[in-house]
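Here the structure is laid out as structure tokens; the discussion comes afterwards.
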Amino acid sequence: MEYKDIPWKDKISEDAVIAVYRDRYPVTEGHLLVVPKHDDLNSLAEALKYAVSIGRHQVAVGSWDGLNIGMNNGVAAGQTVMWPHIHLIPRRYGDVEDPVGGVRNTIPGKGNYKK
């Protein structure tokens, strides 16, 4: 697969290295996909830096209360589009009953390591 073959639509921005899309199946309002245009470590690092920058800005201006950044790599991890991409997921107070553990909640019952 090449970047030009990825199936996402609703691109909201792009530059020479990355493109940003609204997630077709968002887990929360504002869920974005940050997609490197090349399948290499440098491009993925740029996508991650961009995702962090967007997220921190949204928190700083009060649009989001927090954020999760995630990446599914491989079928066993839930990846369905076999092109590297980063999920930027806005978080808001009250969106889940107990947010402790964050992305650790991917495995049911393993999120809250404080219990």
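Observations
- Here the sum of -39500 (n - 2.57) over DSSP H runs of 4 or more residues, divided by the residues of the chain, equals -6000 deg cm²/dmol at 222 nm, to the nearest 500.
- With all protein chains in place and ligands, DNA and RNA left out, the 1.4 Å accessible area ranks VAL27, VAL20 as VAL27, VAL20, largest first.
- Averaged over residues, the count of other Cβ atoms within 10 Å places the peptides 28-40, 58-70 in the sequence 28-40, 58-70, highest first.
- Summing +1 for each Lys or Arg and -1 for each Asp or Glu among the other residues whose beta-carbon sits under 12 angstrom from that of GLY30 gives -1.
- With Cα atoms, 0 to 90° folded angle of helix 41-60 axis to the chain main axis: 50 degrees
- Rounded Å value of the spacing that divides the Cα centres of the stretch 44-59 and the stretch 89-115: 21 Å
- Taking every alpha-carbon pair within the stretch 72-115, the share separated by more than 11 Å comes to 74 percent.
- By the rule of a C-alpha distance below 19 Å, with chain neighbours fewer than 8 residues away ignored, the lysines paired with LYS49 are LYS11, LYS37.
- Surface per residue (accessible, 1.4 Å probe) for the chain, Å²: 66 Å²
The values are calculated or read from the model by the stated rules, or taken from the named source; none is laboratory data. The structure presented is a predicted model; accordingly, all values stated were derived computationally and were not measured. Cβ sites come from the backbone with ideal geometry, for glycine too, and all protein chains shown count toward neighbours. Side chains are part of the model used for accessible areas, which takes the heavy atoms of the whole protein and leaves out ligands, DNA and RNA. Shrake-Rupley method; radii C 1.70, N 1.55, O 1.52, S 1.80 Å.
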